[in-house]
Amino acid sequence: MRKFVVVLVAMALAMLYVAPANADGMHVVSTIGRDTLSPNMFIKSTLRFAPGTITVRSGDTVKWVDRDANRQEPHTVTIVKESELPQTVEEAFSGQCRSCNTAGERHFAGGELKQVVNVGRAGLNRPGDSRLFSLNGVGGSYAAKVSAKPGTSLAYLCIIHPWMQGHIKVTG
Ligand SMILES: [Cu+2]
């Protein structure tokens, strides 16, 4: 029983753990995982953002670094409404990810690829802000200032792999 309690406390502490920012207020989120295909059996992806949730101060910088095993695929950091995060395979794959489609259209507006889509003020602060990164594969990165007000929780996803989802919780 005591061991069980210790494990529970350790799990609770792990959930509360906040990756520390560097001295300059820089937080790092990595893309990790890989896609696996077994013909006529399954397709599996463990691609994800790690950590999935980060807590930052307004004005801090977050740097996303491509460290996953998919060597040829870029990613996006696209801020969306919480309710727009796909929860099912259908929502992620059947063209039903409206926030993905909208962001994709904005990235290709005018028939030209724009790596940055900024809505409103500079920095990451509201749904619609989006950045394509790691166009050349593993090792690419993207750093942005979080300009949302304290108390905001920004939900985001990758529009190329919409099951890659994260949250940025902003404190004062
Ligand atoms: Cu991705």
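Residue count for region 147-162 satisfying the condition of being over 17 Å from residue 81 (Cβ atoms) and either surrounded by fewer than 18 Cβ atoms within 10 Å (Cβ to Cβ) or away from the ligand (no atom under 12 Å from the Cβ) (or both): 3. Tallying residues that are within 12 Å of the ligand (Cβ to nearest atom) and either outside any loop (DSSP other than H, G, I, E, B) or hydrophobic (A, V, I, L, M, F, W, C) (or both) within region 51-77 yields 5. Residue count for region 123-172, restricted to those that are over 19 Å from residue 65 (Cα atoms), touching a residue at least 24 places away in the same chain (Cβ under 8 Å) and not in a strand (DSSP E or B): 10. Within region 56-88, the residues that satisfy the criterion of being aliphatic (A, V, I, L, M) and closer than 18 Å to residue 33 by Cα are 65, 69, 77.
Restricting attention to region 47-61 and to residues that are under 11 Å from the mean Cα position of the chain (by Cα) and not charged (D, E, K, R), the residue that is farthest from residue 156 (Cα to Cα) turns out to be 47. Against the list (1) over 30 Å from residue 148 (Cα atoms); (2) at pLDDT 95 or above, the condition residue 2 fails is (2).
Based on this model, can you work out whether residue 104 counts as in contact with a Lys or Arg (Cβ under 7 Å, 6 or more places away or on another chain), more than 14 Å from residue 154 (Cβ to Cβ) and in contact (Cβ under 8 Å) with a residue 40 or more places away in the chain? So residue 104 does not fit the description; no. Restricting attention to region 81-122, the residues that are of a type in the set (D, E, K, R), over 16 Å from residue 165 (Cα atoms) and assigned to a loop (DSSP other than H, G, I, E, B) add up to 3.
The values are calculated or read from the model by the stated rules, or taken from the named source; none is laboratory data. Remember, it's a predicted structure, so these values are computed and weren't measured experimentally. Here Cβ is always computed from backbone atoms with ideal geometry, including for glycine, and neighbour counts include all displayed protein chains.
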